[in-house]
Amino acid sequence: MTLSMHKESPVAHSGLSQLLQQLEQVLLGKPRQIRLALACILARGHLLIEDLPGMGKTSLSHALAQSLGLSYQRIQFTSDMLPADILGVSIFDKHQAQFVFHPGPIFKQMVLADEINRASPKTQSALLEAMAEQQISVDGVTHRLPNPFFVIATQNPTEQSGTFPLPESQLDRFMMRISIGYPSHDAELAMLKSDQTPQTLDNLPQCLTPLALTQLQEQCDKVAASDALLNYVLALVHDSRNQTDAVGLSPRATKALLQAAKAWAFLEGRHYLVPEDVQAVFCSVAEHRLRTSSQLQGEALSERILASVNPIM
């Protein structure tokens, strides 16, 4: 996929163009996955990456944080982890004669929840308030989280041993789910010839500042959507709710689909939506939310919905 470089194109913004090119040097041969991840961030969403170990999930999240100048923390989820290991804990200070809150690793602008489904549901639920409201509550006290704030979670396939399926309420907090997949022959050959190591990610040049990212997010919000386009979004959502073998998309998913489509259009260099923008992000927004009662997978069902609903523009 090539960059749109029209004069009016937002992608012509030098920092954003550099960011895309830099990420494509980290995750070789995966331009679509990179664009989806970036669109998710521009839409202020949280991202779930589901794939086998060693596919580049951690490298992508680290490269995003480094390139965007965001404070970053990787949390390795394990079966014995407790919510306090993520949120923080209040410890009694004898000099002040009171409990003092010690923030946990959640207090970063980008948090990588690595192998999130290896932790128990109780620990997974510690992220719910943070992802929905950008705050946490400990001992009855509310603490605001940094702005911007993103959670990128990696998930191993649920058929692997030692995993706990993410509950529906947790899945619905993720704007998108993507899968990286195996690299092509040429991409893997280039990887073998590269001298890139995990340590080199720390030296990636910063392409954007957090303030610039916030400004780009505001520009995404201003991408225009006609009534016909909004009705197309609603038609897709309503079709998902009429499926006999699945529970359909929530209103939160409807809003996520529109915001993600706006971010995709922005990356394509347009200030207005077309049906192709919605189609480009629909599966990533919908498939992890479509809870099926049959053997039909969410990805196949989302493709079926896309094929059955025609845009009337």
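For A224 and V100, compute 0.36 nm times the residue count separating them, minus their Cα-Cα distance, and round to one decimal in nm.
Computed gain between A224 and V100 is 39.9 nm.
Taking a probe of 1.4 Å, how large is the accessible area per residue of the chain, in Å²?
Details: 14710 Å² over 313 residues.
Heavy-atom accessible area per residue stands at 47 Å².
Which peptide among 269-275, 226-232 comes first, and what is the full order, when sorted by highest mean count of other Cβ atoms within 10 Å?
In decreasing order of mean packing, 269-275, 226-232 become 269-275, 226-232.
Efficiency by 1/(1 + (r/R0)^6): what FRET value for D245 and Q279, r their Cβ-Cβ distance, R0 = 25 Å, to the nearest 0.05?
Details: r = 22 Å, r/R0 = 0.89.
Approximately 0.65, to the nearest 0.05.
Give a quick list of trypsin sites (Lys or Arg not before Pro) in the range 138-242 that DSSP marks as loop, anything other than H, G, I, E or B, with at most 15 other Cβ atoms within 10 Å.
Values: sites: R144, R173, R177, K193, K222, R241; in loops: R173, K222.
Sparse-neighbourhood loop trypsin sites (Lys or Arg not before Pro): K222.
When only alpha-carbon atoms are used, what values of Rg and Dmax, in angstrom, describe the range 19-156?
Calculated on Cα positions, Rg and Dmax stand at 16.2, 57 Å.
Can you list the residues, at least 5 places off or on another chain, whose amide H is less than 5 Å from the amide H of A246, using H built in the peptide plane?
S293
When the convex hull of the Cα atoms of the chain is projected onto a plane and the area is averaged over all directions, what value comes out in nm²?
Working: hull surface 73.1 nm².
With the hull built on Cα positions only, its mean projection is 18.3 nm².
Using only Cα atoms, locate the centre of the range 38-82 and the centre of the range 214-272, then give the distance between them in Å, rounded to an integer.
Each part reduced to its Cα centre gives a spacing of 23 Å.
Scan around T154 for amide H atoms under 5 Å from its own, H built in the peptide plane at 1.01 Å from N, and keep only partners 5 or more places away or cross-chain.
Amide H neighbours of T154: I49, A113, D114, E115, I116.
Ignoring ligands, DNA and RNA, what percent of the accessible area of the chain is carbon or sulfur (1.4 Å)?
Details: 7650 of 14710 Å².
Its accessible area is 52 percent carbon and sulfur atoms.
Enumerate the whole-percent occupancy of each 5 Å bin, from 0 to the last occupied one, for all C-alpha pair distances of the range 188-235.
5, 14, 10, 12, 10, 10, 12, 10, 12, 6, 0
What FRET efficiency comes out for I91 versus T209 if R0 is 41 angstrom and r is the Cβ-Cβ distance? Round to the nearest 0.05.
Details: r = 34 Å, r/R0 = 0.84.
The computed FRET efficiency comes out at 0.75.
Of the beta bridges DSSP finds with both residues in the chain, what % are antiparallel, to the nearest 5?
Numbers: 12 of 29 bridges.
Counting DSSP beta bridges with both partners in the chain, the antiparallel share is about 40 percent.
Measure off 7 Å from each Cα along the Cα-to-Cβ vector at D195 and L306, then give the distance between these two points in nanometres to one decimal.
Each label point lies 7 Å from its Cα, and together they span 4.1 nm.
Charges only on Cβ, +1 for Lys and Arg, -1 for Asp and Glu: so what's the dipole of the chain about the Cα centre, in debye to the nearest 20? The partial results should precede the final answer.
Working: 24 positive and 30 negative charges, 87 e Å.
For this selection, approximately 420 debye.
Picking from L189, Y272, L171, whose Cα lies most toward the positive end of the charge dipole for the range 171-313 (charges on Cβ: Lys, Arg +1; Asp, Glu -1)?
L171
The values are calculated or read from the model by the stated rules, or taken from the named source; none is laboratory data. Owing to the predicted nature of the structure, the values given are computational and were not obtained by experimental measurement. Here Cβ is always computed from backbone atoms with ideal geometry, including for glycine, and neighbour counts include all displayed protein chains. To get the accessible areas, we keep the full protein, side chains included, count just its heavy atoms, and leave off ligands, DNA and RNA. Shrake-Rupley method; radii C 1.70, N 1.55, O 1.52, S 1.80 Å.
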